Each structure stands twice: as C-alpha cells, then as structure tokens.
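The values are calculated or read from the model by the stated rules, or taken from the named source; none is laboratory data. This is a predicted model, so every value here is computed, not measured. Methodologically, a virtual Cβ is constructed for each residue, glycine included, from the backbone with ideal geometry; neighbour enumeration extends over all protein chains shown. For accessibility, only protein heavy atoms count, side chains too; no ligands or nucleic acids. Shrake-Rupley method; radii C 1.70, N 1.55, O 1.52, S 1.80 Å.
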Amino acid sequence: ENESTTRVVQIAQSTLSFHHIGDYGGWDAFFPAWKEILERYRSIRDVTALTRVGLRYVNHIVIPGGPVQLEDYLGCYPAIPEPPGCEGLRDVDMRSQLVFNDPMMVLGVRLKSDIHEAQRIAFILDLDAFVVNPDLVPTVDGSYDWLDAAHGKVVQFFDMSTTDAAKALWMDPEERAQ
C-alpha cells in the first residue's frame, strides 16, 4: 500500500495483483509502476509461467439529476421495451464478452446500477480484459506487450461506449468551460 491507500499490491502463493483506486494518473504512470512491481516480484520468486493475465478498469459513472436515457450517456445498454404503464427501468445488470485476436484476449463488459447511490443515478462500467487459456497466456516477458495492447483495446472500447455527455461528467471543470 502507498500512504494514501490508492495503490495496493496483493501477493499470494501463485498470484500477484496490482490495484489502483481512484484516479490512477494515466497509463503512462500506471504501466511503469506495474513493471517495477513485477520485476521486484521476479527478483524474489522464480516465475516461469503465467496462468492468467488481465487488465481491469472499474468505472463509477454518476449522472446528476432525475430520470435519464442511458443511450444519452452510454453506447452499451440494455434495449428493453417498456410496455404501457411502465414507469421506466429500475435496475441494470448486463454482461457480455467480446473476443479479440490481437492481442488474444476476452473483454468482459458489465454494466450495473450502483444501488449504493440512493440519491443519484449511478452505474458501474466494469471492463475486464484477460487471457486464461494456458496455450495463449503470454510469457512473463511477453506480458508487458500484451498489457499495453490490451490497454489500447480497453480504452478504444471505453471511448466507443461513452458519449460526450458521459465524458463531460468526469472532465475537469476548466476543460468543460473551453
């Protein structure tokens, strides 16, 4: 853990994971930190193979105001017909998986209502890129290139899945004014 507990490294017998909570400072800060952690881990433990490689972004999206149309904010949402008398969608929990060949990976996509946000409309957009097939998991050294390429796919999907209205929700207020 770091002093502000925004970064956590978890180590178990066959697991190494690095978590960053909140604003992670961008990929240019995160990726070198991950490489340093993995190299330190390799200096104390003989790591010859990986069984899973993954990169996960959990995005908390809070939409101010009253009822909204999800499609105004998100490009991935359930298309559910609302019969006469329906007062609207109450809760969302949608999961999908996309398969990519370059890099070889699965991108798990989950959109879920955040029920802990009683006074606001909020969603969790969880993007989990991973490889678990033992024949396809990259080597430890190859994992750097895989993570970098997977990051590109996750960012591309995120950009395609969020509208300008959604991006304005977390944009710096000074950037919004421009």
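State whether the residues of the stretch 79-102 include one that is touching a residue at least 12 places away in the same chain (Cβ under 8 Å), assigned to a strand (DSSP E or B), open to solvent by less than 30 Å² (accessible area, probe 1.4 Å) and touching a helix residue (DSSP H, G or I) at 6+ places or on another chain (Cβ under 9 Å).
No; the residues of the stretch 79-102 include none that is touching a residue at least 12 places away in the same chain (Cβ under 8 Å), assigned to a strand (DSSP E or B), open to solvent by less than 30 Å² (accessible area, probe 1.4 Å) and touching a helix residue (DSSP H, G or I) at 6+ places or on another chain (Cβ under 9 Å).
Of the conditions (1) within 16 Å of Leu70 (Cβ to Cβ); (2) assigned to a loop (DSSP other than H, G, I, E, B); (3) of a type outside the set (Phe, Trp, Tyr), Thr139 fails just one. Which one is it?
Here Thr139 clears every test but (1).
So which residues in the stretch 133-148 are surrounded by fewer than 18 Cβ atoms within 10 Å (Cβ to Cβ), closer than 14 Å to Asp102 by Cα and among the aliphatic types (A, V, I, L, M), if there are any at all?
The one that is surrounded by fewer than 18 Cβ atoms within 10 Å (Cβ to Cβ), closer than 14 Å to Asp102 by Cα and among the aliphatic types (A, V, I, L, M): Leu136.
Got a sec? Which of Asp128, Asp148, Asp141, Asp72 is charged (D, E, K, R), at pLDDT 85 or above and more than 28 Å from Gly22 (Cβ to Cβ)?
Going through Asp128, Asp148, Asp141, Asp72 in turn, just one is charged (D, E, K, R), at pLDDT 85 or above and more than 28 Å from Gly22 (Cβ to Cβ): Asp141.
Can you tell me which of Arg42, Arg56, Arg120 is of a type in the set (Lys, Arg), over 22 Å from Gln13 (Cα atoms) and surrounded by fewer than 16 Cβ atoms within 10 Å (Cβ to Cβ)?
Details: Arg42 fails: over 22 Å from Gln13 (Cα atoms); Arg56 fails: over 22 Å from Gln13 (Cα atoms).
The conditions single out Arg120.
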